[in-house]
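Enquirer: Take this structure first; my questions come after.
Only the coordinates and a few stated rules stand behind these numbers; no lab work does. All values derive from a computational prediction rather than experimental measurement. Using ideal geometry, Cβ is built from the backbone for each residue, glycine included, and neighbour counts are taken over all protein chains shown.
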């Protein structure tokens, strides 16, 4: 068997970008920069994002067999956890506090934004793009319908910036699957993996 290992196919993120747009906004073509309807959520920690796929199944047992006769896939949940560094970024703050971003617009006279956190969580949903870059190699995750489902603890501190950690969950869009992944291999030749 031929050794097909290729160090150029390793991937280490040198940058991690998160964009938000109104729910079901169409993804940009290829790896073009998102249009003005997409807003960047600012700096994230060097850990980037933690993408998870959690699947659940149910085995069907039957008389006469010691093994399940069938397995049903009952759930497949896709989520992504990111820690943002811009604790005062209005888009990030609105997601964490679960309020419309308009709530964070400062008063023209005082320069202060003041708003109530909802007693009952709102179902605020948006489209998201998560771009990961490694030189000329890129990966993009596009989610047409996502919302924040978990929030980390908020801890303003003197030793470091206040991180804002959130976990997003993704659902099917009006015309797209819950998650679409695009890969740009850069200058790496991967033709040997796809025989003619």
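Enquirer: For the stretch 148-196, what mean projected area does the convex hull of the alpha carbons give, in nm²? Let's see the in-between values first.
Expert: Numbers: hull surface 30.8 nm².
That works out to 7.7 nm².
Enquirer: Okay, next question. So if R0 is 25 Å, what FRET efficiency would residue 165 and residue 14 give, r being the distance between their Cβ atoms, rounded to the nearest 0.05? Intermediate results must be reported in sequence, preceding the final value.
Expert: On the way: r = 22 Å, r/R0 = 0.87.
According to the calculation, E is roughly 0.70.
Enquirer: Here's something else I'd like to know. Within the stretch 97-140, which residues have the backbone N less than 15 Å from the label spot 7 Å out from residue 151 along Cα→beta-carbon, could you tell me?
Expert: Under 15 Å, as judged by backbone N against the label point of residue 151, lie 97-104, 114-125 of the stretch 97-140.
Enquirer: Hey, got the Cα dimensions of the stretch 1-41 along the principal axes, in Å, largest first?
Expert: The Cα atoms of the stretch 1-41 stretch 49, 20, 16 Å along the principal axes, largest first.
Enquirer: Can you tell me the mean projection area, over all orientations, of the convex hull of the chain's alpha carbons? Units nm², please.
Expert: Result: a mean projected hull area of 18.9 nm².
Enquirer: Sticking with this one: If packing is taken as the mean number of other Cβ atoms within 10 Å per residue, what is the order of 16-22, 178-184, 108-114, 56-62, highest first?
Expert: Final packing ranking: 16-22, 178-184, 56-62, 108-114.
Enquirer: Follow-up question, since we're still on this one. If you average the sequence gap of Cα pairs under 8 Å that are 6 or more apart and divide by the length of the chain, what percent do you get for the contact order?
Expert: For the chain, the relative contact order is 24 percent.
Enquirer: Could I ask something else about it? Kindly give the semi-axes, whole Å and largest first, of the ellipsoid equivalent to the stretch 27-106, taking each as the square root of 5 times a Cα gyration tensor eigenvalue.
Expert: Values: eigenvalues 359, 53, 34 Å².
Largest first, the stretch 27-106 gives 42, 16, 13 Å.
Enquirer: Shifting gears a bit: Over the stretch 68-176, with a single point scatterer placed on each C-alpha, what log10 of the ratio I(q)/I(0) does the Debye formula yield at q = 0.13, 0.21, 0.23, 0.24 1/Å?
Expert: For the stretch 68-176 at q = 0.13, 0.21, 0.23, 0.24 Å⁻¹, log10 I(q)/I(0) is -0.65, -1.25, -1.35, -1.39.
Enquirer: What's the ranking of 147-153, 43-49, 186-192 by average number of surrounding C-beta atoms within 10 Å, highest first? Don't skip to the end; give the middle numbers.
Expert: Details: 147-153: 13.6, 43-49: 15.7, 186-192: 9.9.
Ranked from most to least packed, the peptides come out as 43-49, 147-153, 186-192.
Enquirer: Also, quick follow-up: With a Förster radius of 45 Å, plug the Cβ-Cβ distance of residue 112 and residue 65 into 1/(1 + (r/R0)^6) and report the FRET value to the nearest 0.05. Spell out each step's value before the answer.
Expert: Working: r = 68 Å, r/R0 = 1.51.
Result of the calculation: an efficiency of 0.10.
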